[in-house]
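Take a look at the structure below.
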Amino acid sequence: MLVVQKFGGSSLAGAERLRRAAAIISDSAMAGNDVVAVVSARGDTTDELLADAKRISGCPKARELDALLSTGETGSAAMTAMQLADMGHDSVSLSGAQAGIRTDNIHGSARITDIDTGRILRELDAGRIVVVAGFQGIEDNGDTTTLGRGGSDTTAVELAAALGADRCEIYSDVDGIYTADPRLVTGAMRLERIDYGDMLALALHGSQVLHSRSVEAAMRSGVRVHLLSSFTRHEGTVMGFFPDRPALCGVTRDKALSTVSIIGRGADANILAETVGILAHSDIIVTSTELFDGGCSIRVSPDKLLPALELTHRRFFR
Ligand code: ASP
Ligand code: MG
């Protein structure tokens, strides 16, 4: 089998976690799979690089920002490959450009236009584990681009599609998709499966679990994505086409917009009205509402966002 395994920044922060991620890759290779790993920058590297840039320049050029931010993932890939070599594997790290990932020239939020898989396939043929730097590509002039925050997910899904991978796994610090972010809401329940459409609605309304473009890419190409934790090795959540999906699948908040959204094909005007009513009971004033394809949302003042999220979750998911 050809397996693509992506690791998020928190799964690679520090030597211990990096070893843990490498052990997952190693197990997969030892089981006889061809493995392409995709890695994010370690820990908070991207935020730190952004802060460094701001200290130096009030208005850095997007091209230079991409040149800088991409180093987070490039370094991460090299270190993962080193760790795998230490474990006795033949491994090679590749930048986005080396991996054949071509993009448009919109620096900071480039889209992958095409992937030339030649180099990756040659490395796999030679028996190597390939570690690709996520979040980056190369545009027609040869300049490095980045895909937008969270973009390594998209690198992984697009690679899985281009390579015709048998399995695509995305590892983070949470073991799948929950009815609400389990770090914010007690009693949130893990979903065994989630439909592409529901996941896209979650991603577009504030959930940070997956880059929304990665969901679009998975949907377009029919790649099934297994969302797993590199810490627990639990079951996780499978994202795919699931026509029998539940009427309501979860709630999410968007901090920037100060909204809480209820996601699911059954989240209609009645659910919206009920939500406004429940919140009014707790003295939370809803300042605006919206019905959209696949869900509904309410806006509250920023200090009421978390209580509104908890109350909404309690009403519909417990
Ligand atoms: N390192 C980038 C970010 O922090 C990309 C990613 O992790 O997916 O947004
Ligand atoms: Mg992410």
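If you find the alpha carbon centre of the range 206-234 and of the range 127-204, how far apart are they in angstrom? For the range 206-234 versus the range 127-204, the Cα centre distance is 4 Å. Percent antiparallel among DSSP beta bridges with both residues in the range 169-305, to the nearest 5? DSSP beta bridges in the range 169-305 are roughly 75 percent antiparallel. Antiparallel versus total DSSP beta bridges in the chain: what percent is that, nearest 5? Given both bridge residues lie in the chain, the antiparallel proportion sits at roughly 45 percent.
For the chain, take the longest principal axis of its alpha carbons; what is the angle in degrees between that and the long axis of helix 14-30, to the nearest 10 within 0 to 90? Helix 14-30 and the main axis of the chain meet at about 70 degrees. Between the helical axis of 152-163 and the longest alpha-carbon principal axis of the chain there is an angle of about 60 degrees. Sum up the charges of everything whose Cβ sits under 12 Å from the Cβ of T71, counting Lys and Arg as +1 and Asp and Glu as -1, but leave T71 out. Counting the neighbours of T71, the net charge comes to -4. Once you have a ≥ b ≥ c as the square roots of the Cα gyration tensor eigenvalues for the range 75-163, tell me rounded if a/c is under 1.5, and otherwise prolate or oblate according to whether a/b is larger than b/c. Here the range 75-163 falls in the prolate category. Among 255-265, 130-140, 74-84, 52-62, the peptide with the highest mean count of other Cβ atoms within 10 Å heads the list, and the full ranking is 130-140, 74-84, 255-265, 52-62. The C-alpha atoms of the chain define a longest principal axis, and helix 305-317 lies at about 80 degrees to it. For the range 1-119, DSSP calls about 35 percent of its internal beta bridges antiparallel. For the chain, the calculated P(r), taken from all Cα-Cα distances in 20 Å bins from zero up to the bin holding the longest distance, is 33, 54, 13, 0 percent.
For the range 217-318, what does the alpha-carbon gyration tensor say about shape, rounded, prolate or oblate, given a ≥ b ≥ c as the root eigenvalues, a/c under 1.5 as rounded, and a/b over b/c as prolate? Because a/c hits 1.5 or more and a/b exceeds b/c, the range 217-318 counts as prolate. Dividing the mean sequence gap of close Cα pairs (under 8 Å, 6+ apart) by how many residues the chain holds gives a relative contact order of 15 percent.
Read-outs throughout are calculated quantities, based only on the coordinates presented, and are distinct from any laboratory measurement. Note that the structure is predicted; figures quoted are calculated from it, not measured. With ideal geometry, Cβ positions are generated from the backbone for all residues, glycine too; neighbour counts draw on all protein chains shown.
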